[in-house]
2 protein chains.
Amino acid sequence: MKKNVQPTSPEGETIAFTAECPGRAVFNHIASRWGLLLLVTLGERPLRFHLLRDSIEGISEKMLSQTLKFLVRDGLVRRLVEPTIPPRVTYELTPIGGELAAPLRDLVGQLGRRVPDILAAQVAYDRQP
Amino acid sequence: MKKNVQPTSPEGETIAFTAECPGRAVFNHIASRWGLLLLVTLGERPLRFHLLRDSIEGISEKMLSQTLKFLVRDGLVRRLVEPTIPPRVTYELTPIGGELAAPLRDLVGQLGRRVPDILAAQVAYDRQP
DNA sequence: CGGTATCCCATGCGATACTG
DNA sequence: CAGTATCGCATGGGATACCG
């Protein structure tokens, strides 16, 4: 039997996902270059398409659109259209998206606090051949 | 001024990273296909190279080695070598790695619990053209 | 404004083979 | 056992142009 990570309990032995299980696909959407950043950004407040693009430095419209579509399909993000002219589209986290975004905010917060330590570790690592 | 995410406070307005800041590179190591899975897996217990490979379904030795190297350089993972023959190499989280892995375990736990809801959302999404 | 379509290149990543 | 080296393709993803 494969060792791999079933989404078991908090105290379970293995935590991850098998290569083919549906959870793994969702996991990949989240653990992607833009997915995580998107969830964290939307975790702060709902945003419209262009504001989202401006808030996430470096993302192209294509990837923004594509990543949003995955997250909407997974039920983590909701797409709200006001049928004005021009249209006004807002994206916001669903309750489930919010649950998942919360630990990600923690992650980013911790990471931000630890950047100096990490930089120091990199310098130390690079010093030795 | 760019909107982008400085690693500010828990209650700060923006949370993410600018495209070029050092935190973003680390963030990308974590938010990669294998980085997140690796941190979660090592969050449970230290593991040797081959066990790690067996624990993370689908990872190749190349990507395992490469991703581990990034994480070691960032100071999130420690590499312990017992100079026996054959050598025995164990990887474990550093304290900083542990801090960052904790919210990721939460994420995976939440995700696991929500898989049924997510699957339902996907079905609903696919139903409408 | 909020996208989609197309093109195309960079790289991520797996497969295989080899090494200390 | 714990990797590195090389190869090659599939995919990610940026640039540009276009549409309702």
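General observations
- Taking the number of Cβ atoms within 10 Å of each Cβ as an exposure proxy, the fewest-first ranking of A:F70, A:F17, A:F49 is A:F49, A:F70, A:F17.
- When chain A is turned onto chain B, the axis of that turn runs closest to one Cβ of chain A, and that residue with its distance in whole Å is A:P103, 2.
- Placing unit charges on the Cβ atoms only, positive for Lys and Arg and negative for Asp and Glu, gives chain A a dipole magnitude near 300 debye about its Cα centre.
- Taking B:A102, B:A31, B:A19 in turn, the Gaussian network model of chain B (Cα-Cα springs below 10 Å) assigns the largest fluctuation to B:A19.
- Distances between equivalent label points of A:Q128 across the copies, with each point positioned 7 Å along Cα→Cβ, amount to 5.8 nm, shortest listed first.
- The ranking of A:T18, A:T84, A:T67 by Cβ neighbour count inside 10 Å, starting from the fewest, reads A:T84, A:T18, A:T67.
- In sequence order, calculated HN-Hα J values of the stretch B:47-63 (Karplus, 6.51, -1.76, 1.60; Hz; x Gly/Pro): 9, 7, 3, 5, 5, 4, 4, 6, 7, 10, 4, x, 7, 8, 4, 4, 5
- Between the exposed loop cleavage positions of chain B, defined as GluC sites (Glu not before Pro) in a non-H, G, I, E, B DSSP state with at most 15 neighbouring beta-carbon atoms within 10 angstrom, the longest gap is B:21-129.
- Translational diffusion of the protein assembly as shown was estimated from the Stokes-Einstein equation, with Rh taken as the Kirkwood radius over Cα pairs; at 25 °C and 0.890 mPa s the coefficient is 129 µm²/s.
- Using R0 = 45 Å, the C-beta based FRET efficiency linking A:K62 and B:R45 works out to 0.65.
- Using alpha-carbon coordinates, inclination of helix B:35-44 to the longest axis of chain B, degrees: 60
- Label 7 Å beyond Cα on the Cβ vector: B:E61 copy-to-copy distances, nm: 4.7
- Taking the centroid of alpha carbons for each part, the stretch A:23-66 and the stretch B:18-70 are 21 Å apart.
- Measure of compaction for chain B (Cα Rg per 2.2 N^0.38 Å): 1.28
Computed from the coordinates by the stated procedures, all read-outs in this text should not be read as laboratory data. Just so it is clear, the structure is predicted and the values come from calculations on it, not from any experiment. Here Cβ is always computed from backbone atoms with ideal geometry, including for glycine, and neighbour counts include all displayed protein chains.
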